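The values are calculated or read from the model by the stated rules, or taken from the named source; none is laboratory data. Computed from a predicted model, the values in this text were never measured in an experiment. Methodologically, a virtual Cβ is constructed for each residue, glycine included, from the backbone with ideal geometry; neighbour enumeration extends over all protein chains shown. Side chains are part of the model used for accessible areas, which takes the heavy atoms of the whole protein and leaves out ligands, DNA and RNA. Shrake-Rupley method; radii C 1.70, N 1.55, O 1.52, S 1.80 Å.
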Amino acid sequence: EVKDNVKVWNLKLPPAVRLKTIDYEKGYWINMNRSANLTVYGIYPSNCSINLNSGWNLISYLGKNEQNLTDALSSISGKYIEVKDNVKVWNLKLPPAVRLKTMKPYKGYWINMNQSAVLNYPDNICN
């Protein structure tokens, strides 16, 4: 099963409602019944901008290298409340020692926005 924040791909669902495409702007959760490697083919995006809505957004980190979270999200500084991966959380209410600190390639992140904005990853991340 593959999910983004709107649709699901699952063979048990009717074809008309299944997730049909993968978009570089979105993050995806993949529920596997056993460990395996996933190889994704395509062209690396030349545009490193992602439109974000107010509320929760599931996005992909487009960087080719691990990056400090606040640096990677500098274009939306002050517009997000919380960032989560599948293990850790970044939130100013949490002690710095336990906060999510970096964003890693090939991972998805939930970002809770207090307003709509465009995330523009810094040039040094995407090029």
Do we have residue 51 as open to solvent by less than 100 Å² (accessible area, probe 1.4 Å), in a strand (DSSP E or B) and not aliphatic (A, V, I, L, M) here?
no
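Condition check ((1) within 14 Å of residue 61 (Cβ to Cβ); (2) in a strand (DSSP E or B); (3) basic (Lys, Arg); (4) at pLDDT 90 or above) across all residues:
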| residue | (1), (2), (3), (4) |
| --- | --- |
| 82 | no, yes, no, yes |
| 86 | yes, no, no, no |
| 100 | yes, no, no, yes |
| 119 | yes, yes, no, yes |
| 125 | yes, no, no, no |
Give the residue, chosen from 73, 13, 92, 19, that is within 26 Å of residue 122 (Cβ to Cβ) and either surrounded by 11 or more Cβ atoms within 10 Å (Cβ to Cβ) or in contact with a Lys or Arg (Cβ under 8 Å, 6 or more places away or on another chain) (or both).
73
Taking residue 114, is it more than 13 Å from the chain's Cα centre (by Cα) and in contact (Cβ under 8 Å) with a residue 60 or more places away in the chain?
yes
Just to be sure I understand the filter: pairs with C-beta atoms under 9 Å, separated by 6 or more residues or on different chains, first member in the range 44-63 and farther than 12 Å from residue 111 by Cα, second member assigned to a strand (DSSP E or B) and open to solvent by 20 Å² or more (accessible area, probe 1.4 Å). Which pairs pass?
48/120; 49/118; 49/120
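Just for the range 22-33: of the residues that are part of a strand (DSSP E or B) and out of contact with any Ser or Thr (no Cβ under 9 Å at 6 or more places or on another chain), which one is surrounded by the most Cβ atoms within 10 Å (Cβ to Cβ)?
This residue is 29.
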Picking from 63, 42, the residue that is at pLDDT below 90, in contact with a Lys or Arg (Cβ under 9 Å, 6 or more places away or on another chain), in a loop (DSSP other than H, G, I, E, B) and under 25 Å from residue 2 (Cα atoms) would be 63
